[in-house]
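Please treat every number below as a calculation from the coordinates, not as lab data. In this text the structure is predicted, and so the values were computed from the model without any measurement. Please note: Cβ atoms are built from the backbone with ideal geometry, for glycine as well, and neighbour counts cover all protein chains shown.
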Amino acid sequence: MQIPLLDQDHPRFPDPSGALTEPDGLLAVGGNLQPQTLLSAYRSGIFPWYQDEDPILWWSPATRCVLPPSDLHCSKSLRKTLRRNDYQVTVNQAFNTVVDACSEPREDDGGTWITEEMKAAYTQLHQQGKAHSLEVWFEGNLVGGLYGVAVGSIFCGESMFSRRASASKIALAHLCRWGLDAGLKLIDCQLVNPHLISLGAISIDRSIFIEQLSKSRDKGLNWPLPGTGQQTTELQFNW
């Protein structure tokens, strides 16, 4: 089966149901990473994922990994860490730094899919108020965090990192807790992996995910934004 080649200037995405089964979810190639292109993709259940030497590849897996905020599983050790509260969690205070940290090669594969082109693209989304980060600080140092794209009341998580035990879990726990109050419907984790499943994520069929996405993508959330005076950019909860 031939993969559609998207126009570089005016890409139009095909129906996600036409994605390949092997490799699972590969839908199209080409196009660009302009903000309007990325938002169109995410609103359709599609995301970019490719290596530096590859063209832009667009994916929509047959099975989607998602985490309803109310279903987050907090282990005894994580709950103890949250109650100890010897850290600070902020929102949108260090987006570029979080993305840079997420792009650092991992010990398991030594590579990264967060290219310089991807960094620039998500920075533009952040500047438009569409991409957000959560940061975890310990003794003034950034030790963990996550970032992703807001599509209505769904948060499409892109990546997370930890430089201290459980730091990324702390960020995720605060996103879920804030989301419960803010009306966050779902966290899209994209690809299934055992770590996410252990935290409460579940697998659903692509058609079900896209159905939920279509119902949620036009519902806004009041994300904390630095400098707006609307909300504090620090998250504090009693665990």
Helix-only [θ] at 222 nm, the chain, -39500 (n - 2.57) per DSSP H run of 4+, per residue, nearest 500, equals -9000 deg cm²/dmol
Simple SL model, points at 7 angstrom along Cα→Cβ for GLN128 and ASN85; separation in nm is 3.8 nm
So the number of lysine pairs in the chain with alpha-carbon atoms under 22 angstrom apart, 8 or more residues apart or on different chains, is 9
Per GNM of the chain with C-alpha springs under 10 angstrom, the most fluctuating residue out of ILE46, ILE204, ILE170 is ILE204
For the stretch 100-184, using Cα atoms only, the Rg and Dmax in Å read 13.3, 38
Within the set LYS130, LYS215, LYS76, GNM on the chain using Cα springs under 10 Å gives the largest fluctuation to LYS76
Counting Lys and Arg as +1 and Asp and Glu as -1 over every other residue whose Cβ sits under 11 Å from the Cβ of GLY148, the net charge comes to -1
Expressed in angstrom and rounded, the centroid-to-centroid distance over alpha carbons for the stretch 85-101 and the stretch 104-161 is 9 Å
Taking Cα atoms only, Rg over Rh for the stretch 1-133 with Rh from the Kirkwood formula is 1.02
Quick P(r) readout (the chain; Cα-Cα; 10 Å bins; whole %) gives 7, 32, 39, 18, 4, 0
Non-local residues with an amide H under 5 Å from the amide H of TRP59, with H modelled 1.01 Å from N and Pro and chain starts lacking one, are LEU27, PHE47, TRP49
At q = 0.15, 0.20 1/Å the base-10 log of I(q)/I(0) from the Debye formula over the alpha-carbon atoms of the stretch 5-62 is -0.36, -0.66
Env charge @ ILE187, Cβ radius under 14 Å, K,R +1 / D,E -1, value +1
If one builds a Gaussian network model of the chain from Cα atoms under 10 Å apart, the most fluctuating residue listed among TYR87, TYR147, TYR42 is TYR87
